[in-house]
Amino acid sequence: MDIFNSALGMNITFIRPPYFIISGFIGLPNMKYYYVFLFFVYFVSVLGNVAVMAVICLDHNLRTPKYVAVFNLAFVDLLGSCALVPKVLDIFLFNHYYVPYNDCLTFLFFCYTCLSMQALNLVALCYDRLMAIMFPLHYHVKVTHKIMFSMITFFWLFVITCVSLAVGLLTRLSFCKSLVINSYFCDHGQLYRLACNNYFPNLVVGNLLPVLLLWLPFLFIVSSYICIGCVLAKVTAAHERAKTFKTCTAHLSLVVIYFLPIIITFTMSSRIHPNARIINLSLASVFPPMLNPIIYVLQTQEIKTLSEKPQDCNKNVPVFVIRPFLH
């Protein structure tokens with residue numbers, strides 16, 4: 001356990017700095033326009049997610065297990081946007097580059113928690129699609145409010161535990177070198193590498209968390225759609241396959257928007273320029289919260305038809321019992 005003691009066995013004095021310095025973009029002019037663009041994205045994101053949450057709360061037709069996950073996705077998007085964008089704008093538009101130590105760790109905690117919960121929310125929505133298509137006759141047994149609430153609660157506890165562990169290990173590091181974080185926020189990987197004592201536990205956690213919170217959810221989603229594809233391949237009528245697959249397009253859009261830029265960034269790793277990494281990760285953090293409510297309004301039949309048939313309480317219930325593979 002000595003390895004977790006930050007200054008043990010080293011002839012150094014434990015130093016907890018009063019602040020860290022967020023560097024942001026390096027050598028790029030007129031970047032204030034980019035941050036103004038982030039503010040616009042943030043504004044649209046807040047309006048969109050508040051609207052989705054309000055519609056789900058106010059309309060009894062959407063009190064279904066699927067929309068428990070959709071509501072949680074909107075809540076996480078709203079919380080993540082509010083945790084990230086205002087602080088980033090304060091740092092770079094108003095030149096508050098010096099972020100106090102405790103504020104930096106809090107900033108890191110909320111950003112990573114919300115970013116991770118976005119991936120796990122997509123897992124919950126994927127489970128709903130998987131059960132609806134593979135087990136249509138047992139959908140109401142396999143996708144219940146209790147199951148969905150339990151799944152989302154577990155995801156929250158799991159993510160908070162993982163991110164708290166990462167933050168807790170950071171508090172055991174001594175910072176006697178540079179205090180400049182080469183990112184647009186208090187980035188975990190950039191932060192622990194500034195330590196002047198042993199940060200091996202932080203390195204282990206830094207490599208383990210992307211596997212648990214990014215790659216495993218992504219592999220589950222890919223595996224689920226392989227199973228869905230195998231089921232749809234057995235349907236003889238092409239229009240039935242197309243109509244069933246259309247119920248997955250909104251979710252697939254969210255998966256591509258969220259995972260693609262992050263996976264590219266992590267895959268290229270050190271080969272990507274720091275400025276390109278900042279742009280990629282910042283857009284990956286703010287675009288999904290803005291686009292998620294738009295996608296669900298435009299592609300989800302239950303929400304689109306609320307004004308047309310508000311009395312239809314079973315619109316979002318799979319109709320596989322009557323006509324298989326129609327949803």
Taking a probe of 1.4 Å and leaving out DNA, RNA and ligands, the chain shows per residue an accessible area in Å² of 48
Non-local residues with an amide H under 5 Å from the amide H of residue 181, with H modelled 1.01 Å from N and Pro and chain starts lacking one, are 21, 22, 23
Which helices count as membrane-span-like in the chain under these terms: full DSSP H, at least 24 Å along the axis by C-alpha, Kyte-Doolittle mean of 0.0 or more? 32-58, 65-93, 101-134, 145-170, 216-233, 249-268, 274-299
Taking the dipole of region 19-304 about the Cα centre (Lys, Arg +1; Asp, Glu -1; charges at Cβ), the one of 230, 206, 242 that reaches farthest to the positive side is 230
Computed over the Cα atoms, what is the radius of gyration of region 82-176 divided by 2.2 N^0.38 Å, N being its residue count? 1.52
Just to check, using Stokes-Einstein with a Kirkwood Rh over alpha carbon pairs, what's the diffusion coefficient of region 19-304 at 37 °C and 0.692 mPa s in µm²/s? 162
Percent accessible area from carbon and sulfur atoms, the chain, protein chains only, probe 1.4 Å: 70
Suppose only helical runs count, i.e. DSSP H with n ≥ 4. What mean residue ellipticity at 222 nm does that imply for the chain under -39500 (n - 2.57) per run, divided by all residues and rounded to the nearest 500 deg cm²/dmol? -22000 deg cm²/dmol
Compute the separation of the alpha-carbon centres of region 120-162 and region 164-231 and state it in Å as a whole number. 25
Percent RCO, i.e. relative contact order, over the chain, from Cα pairs under 8 Å lying at least 6 residues apart: 29
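The values are calculated or read from the model by the stated rules, or taken from the named source; none is laboratory data. Not measured: the values here are computed from a predicted model. Don't worry about glycine lacking a Cβ; one is built from the backbone with ideal geometry, like all the others, and counts go over all protein chains shown. SASA here: full protein model, heavy atoms, side chains in, ligands and nucleic acids out. Shrake-Rupley method; radii C 1.70, N 1.55, O 1.52, S 1.80 Å.
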